[in-house]
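All of the numbers you see were taken from the coordinates with simple rules; none came from a lab. Note that the structure is a prediction, hence the values are computed from the model and not measured. Cβ: placed from backbone, ideal geometry, glycine included. Neighbour counts: every protein chain shown.
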Amino acid sequence: MTENDFLEQAEAVFERIQSTIDGGDSDIECNLNEAVLELELDDGGKIIINRHAPNQELWIAAKTGGFHFGWRDGAWRNTRDGSEFFASLSDLIQQLAGETLHF
């Protein structure tokens with residue numbers, strides 16, 4: 001994947017997250033600052049998603065840990081356990097905010 005392809009795909013991921021949260025009945029706030037998307041939870045906690053262009057990975061950081069996702073087999077997959085990005089993000093949001101979101 002070229003760097004431009006990666007950046008376009010990462011931007012599409014950010015847009016999908018924002019539109020899902022903004023289009024629903026969620027108490028989560030989205031703040032995009034260049035390569036970082038912060039999800040502010042109702043209790044003040046955060047989930048931070050950023051794109052890491054040198055490794056062509058998407059990273060998620062939360063109080064439960066950090067996770068790296070690379071493009072594999074047509075989806076963003078966790079580099080350790082192979083779980084899919086949006087499923088992992090949904091699980092984190094459920095654990096930390098008690099909200100169910102489907103991306």
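For the chain, divide the Cα radius of gyration by the Kirkwood radius and give the resulting Rg/Rh value with two decimals. Could you put the intermediate results ahead of the total?
Details: Rg = 12.9 Å, Rh = 13.8 Å.
Here Rg/Rh amounts to 0.94.
Only helical DSSP H runs with n ≥ 4 go in: add -39500 (n - 2.57) per run for the chain, normalise by residue count and round the 222 nm mean residue ellipticity to 500 deg cm²/dmol.
Values: 2 runs with 33 residues, N = 103.
Taken over the chain, the calculation gives -10500 deg cm²/dmol.
Give, in nm to one decimal, the length gained when the segment between residue 42 and residue 83 is fully stretched (0.36 nm per residue of separation minus the Cα-Cα distance). Don't jump to the answer; show the numbers that get you there.
On the way: separation 41, 0.36 × 41 = 14.76 nm, distance 2.61 nm.
Length difference between fully extended and current span is 12.2 nm.
Can you tell me the orientation of helix 85-97 relative to the chain, as the angle in degrees between its alpha-carbon axis and the longest Cα principal axis, to the nearest 10?
It is inclined by approximately 20 degrees.
Which of 91, 81, 73 moves the most in a Gaussian network model of the chain with Cα springs under 10 Å?
73
Just flag the trypsin sites (Lys or Arg not before Pro) in the stretch 1-85 sitting in loop per DSSP whose Cβ has no more than 12 other Cβ atoms within 10 Å. Provide the component values of the computation, followed by the final result.
Details: sites: 16, 46, 51, 63, 72, 77, 80; in loops: 63, 80.
The qualifying sites are 63, 80.
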